[in-house]
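Quick notes on the structure that follows.
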Amino acid sequence: MSWNTEASFGEQTQHILLKFLQEKKVENRTYQQEIQKLENELRKGSNFDDDIQTDGHCPSGSMRAAGRSDVEEVEEELYRNIAAHLADIGDRLDQSINPDLVEEFIRETERSQPQTDGTIMSSMISRLTNQRIDVTQDMPQEKVILLLALVLFKKTVVEKPLLLPRIFRTTVQYISNRLQDYIRNIGGWQNIH
């Protein structure tokens, strides 16, 4: 199996984050509805890398008409496998994250303007990185940061599903801005072990 070289890093990241959220069943109707909306937007080809709107939602006019409405089956399977692997590691890390920090992240995000979400996420991940977490002792720092971003993303969305569009975009941008070089240097998403 191989990647579609036409898919940008941001597009790959979007699909992996969606699969990451879908990996474990969450019994919350609002959560499931928000995941479904996100999946529909990705299938339509929405570009979540566009400018953030003040309400935190993705721009509705940013659809791509590249003639490709669905991710090819091969890519879909790769995205699912990568997300499953990241979810397994994230589950081990999940127990080490202080729930108060997640609550603080949610409060700060809800009080702030969407354009400051990346700064808030960066600050929170720095705080989480400073915690001693045994699961991450033998991991490269960039992988730890990636996993913390994913776990913070998931915990936030499970707690406050209506924040999904906003936090999804923030997480994609955070990974693209801070971790794209690391992921490319190891050979792409498929080489995160």
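The values are calculated or read from the model by the stated rules, or taken from the named source; none is laboratory data. Computed from a predicted model, the values in this text were never measured in an experiment. All Cβ positions, glycine included, derive from the backbone under ideal geometry; neighbour counts span all protein chains shown. Please note that ligands, DNA and RNA were not included when accessible areas were found on the heavy atoms of the full protein model with its side chains. Shrake-Rupley method; radii C 1.70, N 1.55, O 1.52, S 1.80 Å.
None of 101, 163 is open to solvent by 10 Å² or more (accessible area, probe 1.4 Å) and over 19 Å from residue 24 (Cα atoms) except 101. Does residue 158 fit the bill of being within 15 Å of residue 20 (Cβ to Cβ), open to solvent by 20 Å² or more (accessible area, probe 1.4 Å) and part of a helix (DSSP H, G or I)? Yes; evaluated as a whole, the condition is true for this residue. If the condition is being open to solvent by less than 70 Å² (accessible area, probe 1.4 Å) and among the polar types (S, T, N, Q), then region 170-189 contributes 170, 171, 173, 176, 180. Of all residues in region 104-116 being part of a helix (DSSP H, G or I) and more than 16 Å from residue 154 (Cβ to Cβ), which is most open to solvent (accessible area, probe 1.4 Å)? This residue is 111.
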